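Data first, discussion second: the structure below is written as structure tokens.
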Amino acid sequence: MAHFDGVGPDAFLLLAQNRFEDSKAFYESHKAELKRLVTGPMGQLVECLAPFLAALDPQMLLVPSRIVSRLRRDTRYTRDKRMYRSNVWVCFTRPRLEFPHLWPVLWFECKPEESRWDAGVGLWTDALPAYMRFLRKRIQAGSAEFLAATEQALAAGAQLRTDPYKKDRAPEAPEALKAYLNAKSFHLIYTSGDMALLQSEALIERLKALYAAFAPMYRWYRAAADAYLASAEQ
């Protein structure tokens, strides 16, 4: 039976030290400890949530080794060349090689440097402008369904995060939709400063409750992706 050992202060201290040292030699000499304290428990978290998430989306990738973040950073496309990260996350979505980046993602992230953890729902990366135009039209065409999905996430404590346009691109739209219609991208995210919860199996139940609240939004995104691909094939 799956269990969760938790991610605690020792893990956060080691993550911070690994980032500070920024050394392959240090990482290799502490690799087993990092696995025991950090990546191992994150894999356990995936295994604990797997049955719940598989019911939400049978095609969701739920293999820990493929969805738990690596501690080694990809520095090819960033100015920050530090090799190691101090945060760790899991992204629950469909396999990236089999499905385009149109499909939604649920995620969980620990940010010990900021003394917080997040759980959210949105797209894997910022959507292409053409896809965002499609989403905005879909929001306007089925606003009741969309707002019901967002309201359930917001009622669970999530907040809307957007990358807004400077000008109002939907002046005639209802006020409740404006934040979404005037965004280059958006997602819903729950943030908690309860770091002690990360050490307890109670975290699993908390995430199940959050993902249940995010489920209508996840389904809305998924239906939108299906519709977009179907329209592109015509």
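The values are calculated or read from the model by the stated rules, or taken from the named source; none is laboratory data. Given the structure is predicted, the values throughout are model-derived calculations rather than measurements. Heads up, the Cβs are rebuilt from the backbone with ideal geometry, glycines too, and the neighbour counts pull from every protein chain shown.
Here are the numbers for the structure shown:
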| item | result |
| --- | --- |
| Selection status of Ala148, surrounded by fewer than 17 Cβ atoms within 10 Å (Cβ to Cβ), touching a helix residue (DSSP H, G or I) at 6+ places or on another chain (Cβ under 7 Å) and at negative phi | yes |
| Test: residue in region 44-58 that is modelled with pLDDT under 95, surrounded by fewer than 16 Cβ atoms within 10 Å (Cβ to Cβ) and not hydrophobic (A, V, I, L, M, F, W, C) | no |
| First in region 138-159 and farther than 23 Å from Trp107 by Cβ and without any contact (Cβ under 8 Å) to a residue 60 or more places away in the chain, second anywhere and buried (at least 17 other Cβ atoms within 10 Å of the Cβ) and not β-branched (Val, Ile, Thr), Cβ under 8 Å, 6 or more apart | Gln140/Ala173; Gln140/Leu177; Gln140/Leu181; Ser143/Leu177 |
| Residue identified as farther than 25 Å from Ala213 by Cβ, at pLDDT below 95 and not in a helix (DSSP H, G or I) among Arg133, Arg66, Arg94, Arg82 | Arg82 |
| Number of the condition not met by Phe26 [criteria: (1) loosely packed, with under 14 Cβ neighbours inside 10 Å; (2) over 23 Å from Glu114 (Cα atoms)] | (1) |
| Criterion violated by Arg116 - all others in (1) at pLDDT 95 or above; (2) farther than 22 Å from Asn87 by Cα; (3) among the charged types (D, E, K, R) satisfied | (2) |
| Criterion (in a helix (DSSP H, G or I) and touching a residue at least 12 places away in the same chain (Cβ under 8 Å)) met by exactly one of Phe26, Phe52, Phe20 | Phe52 |
| Conditions (1) over 20 Å from Ala119 (Cα atoms); (2) in contact with a strand residue (DSSP E or B) (Cβ under 7 Å, 6 or more places away or on another chain); (3) in contact (Cβ under 8 Å) with a residue 24 or more places away in the chain: number failed by Arg73 | (3) |
| Options Lys35, Lys24, Lys31, Lys81; residue that is basic (Lys, Arg) and either touching a Lys or Arg at 6+ places or on another chain (Cβ under 6 Å) or within 21 Å of Leu197 (Cα to Cα) (or both) | Lys35 |
| Search result, residues across region 97-113 that are crowded, with 19+ Cβ neighbours inside 10 Å and modelled with pLDDT of 90 or more | Pro104, Val105, Leu106, Trp107, Phe108, Cys110, Pro112 |
| Selected residue (criterion: surrounded by the fewest Cβ atoms within 10 Å (Cβ to Cβ)) from residues of region 168-210 that are hydroxyl-bearing (Ser, Thr, Tyr) and under 30 Å from Val46 (Cα atoms) | Ser200 |
| Among (1) modelled with pLDDT of 95 or more; (2) over 19 Å from Trp103 (Cα atoms), the one test that Lys24 misses | (1) |
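Here's the yes/no breakdown for (1) closer than 20 Å to Arg66 by Cβ; (2) small (Gly, Ala, Ser); (3) surrounded by 13 or more Cβ atoms within 10 Å (Cβ to Cβ):
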| residue | (1), (2), (3) |
| --- | --- |
| Val88 | yes, no, yes |
| Ser115 | no, yes, no |
| Arg133 | no, no, no |
| Ala144 | no, yes, no |
| Thr162 | no, no, yes |
| Lys166 | no, no, no |
